[in-house]
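Take a look at the structure below.
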Amino acid sequence: MKTSHLQVLRAIALPAALVLAGAAHAQMINQTNGMLTGEKGMTLYTFDKDAANSGKSVCNGNCEKNWPPAMAGASDKASGAYSVITRDDGKMQWAYKGKPLYYFMKDEKAGDTKGDGVGSVWHTATP
């Protein structure tokens, strides 16, 4: 039996990391220093105006330019506390405990948390 790329990723993932993957797309979300991080170790955020478990993001248009969504592939599936929501534009986004996940455009490198507390409504995503 052939081993798929996804099976290899799952087999080598560190215990502190969760591989969220579909057949054509993989997103690694890690727990780093008490917060969730995504691509290239960049901090992930939640937005207070998003209603948990609504399956919706209210950060669209200009908001989305400053707070890029943590995108999921069309074939990605929910796993544990992680789910996939459909954005207004039809694209897919990762959510954690029902809250959509975002990056902050002013974070320049892994570990930056410049978005934490912005407008008193943006917070680092924590496990």
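The values are calculated or read from the model by the stated rules, or taken from the named source; none is laboratory data. If you're wondering where the values come from, they're calculated on a predicted model, not measured in any experiment. Using ideal geometry, Cβ is built from the backbone for each residue, glycine included, and neighbour counts are taken over all protein chains shown.
Counting just the residues of region 91-109 that are in a strand (DSSP E or B) and of a type in the set (A, V, I, L, M, F, W, C), which one comes out farthest from Leu36 (Cα to Cα)? My answer is Met92. Only one entry of Asp76, Asp88 meets the criterion of being surrounded by 14 or more Cβ atoms within 10 Å (Cβ to Cβ) and in a loop (DSSP other than H, G, I, E, B), and that entry is Asp76. Could you tell me whether Asn53 is in a loop (DSSP other than H, G, I, E, B), at positive phi and either touching a residue at least 12 places away in the same chain (Cβ under 8 Å) or loosely packed, with under 13 Cβ neighbours inside 10 Å (or both)? Answer is yes for this residue. Note on region 70-97: residues that are under 11 Å from the mean Cα position of the chain (by Cα) and of a type in the set (Gly, Ala, Ser) total 4. Being exposed (fewer than 14 other Cβ atoms within 10 Å of the Cβ) and either among the β-branched types (Val, Ile, Thr) or in contact with a helix residue (DSSP H, G or I) (Cβ under 7 Å, 6 or more places away or on another chain) (or both) is true of Thr126. If the condition is being under 14 Å from Thr126 (Cα atoms), assigned to a loop (DSSP other than H, G, I, E, B) and modelled with pLDDT under 50, then region 1-50 contributes only Ala16.
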